[in-house]
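A.B. asks: Encoded as C-alpha cells, here's the structure I'll be asking about.
The values are calculated or read from the model by the stated rules, or taken from the named source; none is laboratory data. All of these numbers come straight from a predicted model, not from anything done at the bench. Neighbour counts run over all protein chains shown; Cβ positions are idealised from the backbone, glycine included. Ligands, DNA and RNA are stripped out before the accessible areas are found, and what is left, the full protein with its side chains, is counted by its heavy atoms. Shrake-Rupley method; radii C 1.70, N 1.55, O 1.52, S 1.80 Å.
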Amino acid sequence: MLRVESVSAFYGAIQALRNISIHVSPREIVTLLGANGAGKTTLMKVISGIHPPAKGRVLFSGQNIAGLPTEHILRLGVGQVPEGRQIFAPLSVIDNLTLGAYVRFQREVRGEVFKDLESIFELFPVLRERQKQRAGTLSGGEQQMVAIGRTLMARPKLLLLDEPSRGLAPMLVSDIFKAIQTLRTRGTTILLVEQNAKAALKVADRGYVLENGMVILEGETQDLLNNKSVQRAYLGREYREVWE
Ligand code: ATP
C-alpha cells in the first residue's frame with residue numbers, strides 16, 4: 001500500500017531524513033520507534049505532504065505522491081492525525097467530526113457520513129455523550145479522540161498516527177490503544193509513531209527503529225521485543241533485568 005523509497009529531507013541545512021526506505025502492507029500496523037529528533041515526525045510529514053522530500057519516492061497504491069499537496073494526498077486516502085491534535089476548539093464535537101468528512105461530501109450521500117459518525121461513537125463512546133460540547137472544553141484525551149475520529153471520517157485507506165498518547169493520563173492512553181486494537185479488527189492500515197514503545201510494539205505487526213534520520217533496525221514486533229538494543233533503549237527496566 002505504501003512504499004517509501006530512499007527518501008531524504010532537510011530543514012534548511014539540517015538533514016532530518018537520510019535515504020529512508022519503509023513499507024506498509026494493507027491491514028498492517030507498522031510502528032516507527034526512535035529517540036527525539038530521530039526523524040519520525042518528518043517521515044510522517046513527508047508521507048502526508050506537509051514536508052516535501054528532497055530526494056526519493058513515496059509510492060501510495062503504486063502512485064508517486066512525493067511532493068503532492070496535502071489535500072490531494074488526503075483525497076487519495078492518506079489521513080494524518082497530526083501531533084498536537086489541532087482540533088477546532090470553538091466548534092462542537094460533532095461539527096469537528098463531520099468536518100473530517102468534507103473530502104467525501106461531493107462523492108457520497110450524507111447518510112454514509114452519519115453511518116460513519118456512529119462507528120466513531122462506537123470506537124469512542126465518550127464522544128457520543130459529548131457530541132454537542134465545544135471541543136475546546138474537552139480533556140486532552142477526549143480531544144485526541146476527536147482528532148483521530150475526525151481523520152477517520154475521511155475514510156483513509158492509510159491512517160498516520162503521530163504520538164496519539166502524548167501527554168495523556170495512563171487510563172486514557174489505554175483507551176487510545178484499545179481504539180487502535182479495534183481499528184485493527186476493522187482492517188484499518190496504520191503507521192504509528194509512539195514514544196510508548198512497549199504499547200506500540202504490542203499493537204503493531206512490524207516496526208522500524210530510526211536514528212539520526214536513518215533506519216537502523218527493522219522487523220516483526222516480536223523480534224524487536226526480543227532485541228537487546230531495543231530493550232535497552234526503549235523498553236525500560238523490567239526488560240533490561242531479564243537480560244542483564
Ligand atoms: P520527536 O519525537 O522529538 O518529535 P522525531 O523523531 O519526530 O522527534 P523530527 O521531529 O522528525 O524527529 O526531527 C528530525 C530532525 O529535524 C531533528 O534534528 C530536528 O531538530 C529537526 N527538525 C524538525 N523540525 C524542524 C524544523 N521545523 N526546523 C528545523 N529543524 C527541524
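A.B. asks: Being under 19 Å from the mean Cα position of the chain (by Cα) and either without any contact (Cβ under 8 Å) to a residue 24 or more places away in the chain or open to solvent by 50 Å² or more (accessible area, probe 1.4 Å) (or both) is the filter here; which residues of segment 215-226 pass it?
C.D. replies: Matches in segment 215-226: GLU218, GLY219, GLU220.
A.B. asks: Could you figure out which of (1) without any contact (Cβ under 8 Å) to a residue 12 or more places away in the chain; (2) surrounded by 15 or more Cβ atoms within 10 Å (Cβ to Cβ) isn't true of ASN64?
C.D. replies: Failing condition for ASN64: (2).
A.B. asks: Go through segment 183-207 and give me each residue that's within 16 Å of the ligand (Cβ to nearest atom) and within 17 Å of LEU159 (Cα to Cα).
C.D. replies: LEU191, LEU192, VAL193, GLU194, ALA200, GLY207
A.B. asks: Among the listed residues THR70, THR98, which satisfies the condition of being under 19 Å from the mean Cα position of the chain (by Cα), modelled with pLDDT under 95 and open to solvent by 20 Å² or more (accessible area, probe 1.4 Å)?
C.D. replies: Only one candidate qualifies: THR70.
A.B. asks: Here's another thing I want to ask about it. Is segment 164-171 home to any residue that is away from the ligand (no atom under 16 Å from the Cβ), touching a strand residue (DSSP E or B) at 6+ places or on another chain (Cβ under 8 Å), within 30 Å of ASN19 (Cα to Cα) and of a type outside the set (Val, Ile, Thr)?
C.D. replies: Looking for residues that are away from the ligand (no atom under 16 Å from the Cβ), touching a strand residue (DSSP E or B) at 6+ places or on another chain (Cβ under 8 Å), within 30 Å of ASN19 (Cα to Cα) and of a type outside the set (Val, Ile, Thr), one finds none in segment 164-171, hence no.
A.B. asks: Shifting gears a bit: Within segment 147-165, track down each residue that is assigned to a loop (DSSP other than H, G, I, E, B) and farther than 18 Å from ILE29 by Cβ.
C.D. replies: MET153, ALA154
A.B. asks: Sticking with this structure for a sec: May I ask you to list pairs of residues, at least six apart or on different chains, whose Cβ atoms are under 6 Å apart, with the first in segment 130-144 being more than 16 Å from ILE120 (Cα to Cα) and the second being assigned to a loop (DSSP other than H, G, I, E, B) and open to solvent by 40 Å² or more (accessible area, probe 1.4 Å)?
C.D. replies: Pairs found: GLY136/ALA89; GLY140/GLY167.
A.B. asks: Restricting attention to segment 144-157, does a residue exist that is of a type in the set (D, E, K, R) and either open to solvent by less than 10 Å² (accessible area, probe 1.4 Å) or on the phi > 0 side of the Ramachandran plot (or both)?
C.D. replies: Looking through segment 144-157, at least one residue is of a type in the set (D, E, K, R) and either open to solvent by less than 10 Å² (accessible area, probe 1.4 Å) or on the phi > 0 side of the Ramachandran plot (or both).
A.B. asks: Tell me which residues, restricted to segment 158-203, are open to solvent by 50 Å² or more (accessible area, probe 1.4 Å) and of a type in the set (D, E, K, R).
C.D. replies: Passing the criteria: ARG166, ASP175, LYS178, ARG184, ARG186, LYS198, LYS202.
A.B. asks: May I pose another question? Please give the strands (runs of 3 or more DSSP E) falling wholly within segment 1-107 in which 3 or more residues are closer than 29 Å to ILE120 by Cβ and within 14 Å of the ligand (Cβ to nearest atom).
C.D. replies: So the answer is 29-34.
A.B. asks: In addition: Condition first: of a type in the set (Val, Ile, Thr) and either within 28 Å of LYS157 (Cβ to Cβ) or modelled with pLDDT of 90 or more (or both). Now tell me which residues in segment 208-244 satisfy that.
C.D. replies: Listed by number, the residues that qualify are VAL209, VAL215, ILE216, THR221.
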